[in-house]
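Working notes for the structure below.
The values are calculated or read from the model by the stated rules, or taken from the named source; none is laboratory data. Since the structure is predicted, the reported quantities are computational estimates derived from the model, not experimental observations. In this analysis, Cβ positions are derived from the backbone assuming ideal geometry, glycine residues included, and neighbour counts consider all displayed protein chains. Just the protein is used for accessible areas: all its heavy atoms, side chains included, with ligands, DNA and RNA removed. Shrake-Rupley method; radii C 1.70, N 1.55, O 1.52, S 1.80 Å.
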Amino acid sequence: MTTRLKPDRKAAALFAKIAEVAAEAGYEIYPVGGYVRDLMLGQPGNDIDFVVVGDAPALAKKLKSPLKAHALVTYSRFGTSLLQTRDFKLEFATARKESYSSDSRKPEVESADLRNDLSRRDFTINAMAMSIGTKDWGKVIDPFKGVKDLTRKILRTPLEPEQTFSDDPLRMMRAVRFAARFQFRIQKSCFEAIRKNVERLAIVSQERITEEFNKIMLSKKPSVGLKLLEDSGLMKRFLPEFSATKGVEQRKEYHHKDVFFHTLQVIDQLSEHTDKLPLRLAALFHDIAKPRTKRFDENSGWTFHGHEVVGERMTGAIMRRMKYGNEDIAYVKKLVRLHLRPMALVNEEVTDSALRRLLFLSGEDFDDLMLLCRADITSKNPNKVRRHLKNYEIVIEKARQVEERDRMRAFKSPVDGREIMELFGLAPGPKVGQIKKFIEEAILEGDIPNEHEAAMKLLLDNKNRFF
Ligand code: ATP
Ligand code: MG
């Protein structure tokens, strides 16, 4: 049976125009890859890749004006061009076949026909093209049975898997990414080939690895991909610290929860409430230091003292290594450092001053921190879960009241440095900082309100302390 695809009206008009211009130039052209796949799944995107049997950059140039594109970018070395129209991002690539050398994922490129071009693609579901000629409009060109794999929900390589992954090891990360996004199985021989080739990841740049990892973290249920990364051995290659959280130990009657599976559950639970990548990363890293800080205490069993402090340090080092940006690193470190605080507030008779400190330390990220803490409840006992959630509700409500009164989240000292210098006739220097800190402490402790007048009075009353 031939499958015929029905792009929506806008895409259909676009394709008709493109086919007409290509025919005039004497070239064949086909939408391929992700767009065709997603159209079959009923969710076509606006990024469309085309294969041109002919000169892709030359064709893109001819298309610029008929498509009313506002930008044309050409990479002649790769034989590709990008066109941006109002509704679509289009990429035109000259059909090619590739051969690889063992120390680089950058191939030697030669021009080829459509089938050849499709065969070099990563997975059969990404190796389909669609005909847009008037004669067989909408016909799927599927030499590697991608349609069948799409319905069977299977990821499989068009050619021999070992060669495919060895040629471009990034494809191993892509396999996990697509499996996670579509909840597909990776075919057994394909998964075995990944396991055999994991060390080849060494020739892929960290930026590309992290880009795929982020997409996995952004999938609906990240644990699916994270488990595949772990089971294939890929995780050990770029995030061994997370692999190290795996394993359960029993000593005497004390049994400690497997940190790996706990963390997966936390990430999944959090992901139901947020698509914010750095917040999901905070869930990934929150217990990263548990293996390193684990001690067995004869009286109390397993302890992980200081895992939030060591974890903050490890998070910084790992995220720098993985090439995340400084702002994201600072944010994730902060949440890792603070993730136990709200729980501590639940257990004590909570004081306003403790709440002010938490609001002050978490600042704008207080709500994110509370989302993380709520997701961190993974007990199997529903009563316990309900009790913890209730406790957090109380903390959040009390924090709201304190915040309303004291405005600690965007704390700015009510007396600024210039005023302090004028008041005491000081030159800029460490003394000014010390005096500011004194005001800050008094406000956090609740000795004075967060107000200018009260802070000035405090300074005058305590003048003798400073000099
Ligand atoms: P997405 O929806 O994430 O864009 P996609 O399948 O379109 O998914 P792209 O990275 O945009 O993925 O690549 C477009 C197409 O190019 C893929 O569908 C696939 O056919 C091919 N491709 C991309 N990267 C590789 C690779 N490393 N090896 C082989 N083929 C690849
Ligand atoms: Mg794409």
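Of the residues 191, 182, 165, 242, the single one that is among the aromatic types (Phe, Trp, Tyr) and within 16 Å of ligand 2 (Cβ to nearest atom) is 182. Residues considered: 123, 165. Of these, the only one that is outside the structural domain of residue 222 (by TED's automatic domain parsing) and either out of contact with any Cys (no Cβ under 9 Å at 6 or more places or on another chain) or under 30 Å from residue 223 (Cα atoms) (or both) is 123. Condition first: farther than 16 Å from residue 83 by Cα, within 16 Å of ligand 2 (Cβ to nearest atom), assigned by TED's automatic domain parsing to the domain that holds residue 81 and small (Gly, Ala, Ser). Can you find one or more residues in the stretch 6-26 that meet it? No, the conditions are met nowhere in the stretch 6-26. The listed residues are 324, 392, 331, and the only one of them that is assigned to a loop (DSSP other than H, G, I, E, B) and among the aromatic types (Phe, Trp, Tyr) turns out to be 324.
So for the stretch 250-259 (the condition being under 15 Å from the mean Cα position of the chain (by Cα) and of a type outside the set (Val, Ile, Thr)), does at least one residue qualify? Within the stretch 250-259, none of the residues are under 15 Å from the mean Cα position of the chain (by Cα) and of a type outside the set (Val, Ile, Thr). Select from the stretch 25-74 the residues that are free of Cβ contacts under 8 Å to residues at least 12 places away in the same chain and not aliphatic (A, V, I, L, M) and write down the one among them that is farthest from ligand 1 (Cβ to nearest atom). Among residues in the stretch 25-74 that are free of Cβ contacts under 8 Å to residues at least 12 places away in the same chain and not aliphatic (A, V, I, L, M), the one farthest from ligand 1 (Cβ to nearest atom) is 65. Of all residue pairs spaced 6 or more apart or on separate chains, those with beta-carbon atoms under 6 Å, a first member in the stretch 295-324 that is at positive phi and a second member that is open to solvent by 60 Å² or more (accessible area, probe 1.4 Å) are 301/254; 323/207. Of all the criteria given as (1) over 31 Å from the mean Cα position of the chain (by Cα); (2) of a type in the set (A, V, I, L, M); (3) under 21 Å from residue 449 (Cα atoms), the one not satisfied by residue 355 is (1). Taking the stretch 402-467 as the region of interest, the helices (runs of 4 or more DSSP H) fully inside it that hold 2 or more residues being basic (Lys, Arg) and surrounded by fewer than 15 Cβ atoms within 10 Å (Cβ to Cβ) are 463-466. Within the span defined as the stretch 363-378, every residue fails to be open to solvent by 70 Å² or more (accessible area, probe 1.4 Å), part of a loop (DSSP other than H, G, I, E, B) and modelled with pLDDT under 90.
The helices (runs of 4 or more DSSP H) found entirely in the stretch 134-217 that carry 1 or more residues being under 30 Å from residue 279 (Cβ atoms) and either open to solvent by 40 Å² or more (accessible area, probe 1.4 Å) or modelled with pLDDT of 95 or more (or both) are 170-182, 188-197, 206-217.
Here residue 125 fulfils each of the conditions (1) farther than 22 Å from residue 56 by Cβ; (2) β-branched (Val, Ile, Thr); (3) at pLDDT below 95 apart from (3).
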